[in-house]
1. When the Debye formula is applied to the Cα atoms of segment 53-143, each taken as the same point scatterer, what base-10 log of I(q)/I(0) results at q = 0.19, 0.20, 0.26 Å⁻¹?
2. Any idea how far apart residue 65 and residue 52 come out in nm if each label point goes 7 Å out from Cα toward Cβ?
3. Between residue 124 and residue 90, what is the label-point separation in nm under the 7 Å Cα-to-beta-carbon projection?
């Protein structure tokens, strides 16, 4: 009688239903981390006590670009407001900035349309009496990563 090949079955070290559940949990956790990061992108900082525009670079430094010069002047006027706004260019992540104000305490703001746009919007809204929460909402709607 010829020998028949024994049917080989390969056993997984972990039963497949447990493995499938583990994969689903890991995918869910990964999604949760990504969603939290995106949500974190809109987490505005708490304005620091005693913040002034003293560290905002002098607008005259940017006289070659009137728009930049104007926004730096505006930033100095509303420093406590800008200190409570997250900058959606994500400079917090790649440059360690604390708030939108930080962008104008260096020349970073001068070359970033997001920084300039957020600061100008905040200035215009602040001038019209908007609250910090209202300004944050408008900034998130216009510049957020949604």
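1. Each listed q corresponds, in turn, to -0.76, -0.84, -1.41.
2. About 2.8 nm separates the two model spin labels.
3. Going from the residue 90 label point to the residue 124 one covers 2.6 nm.
Only the coordinates and a few stated rules stand behind these numbers; no lab work does. Not measured: the values here are computed from a predicted model. All Cβ positions, even for glycine, are placed from backbone atoms using ideal geometry, and neighbour counts span all protein chains on display.
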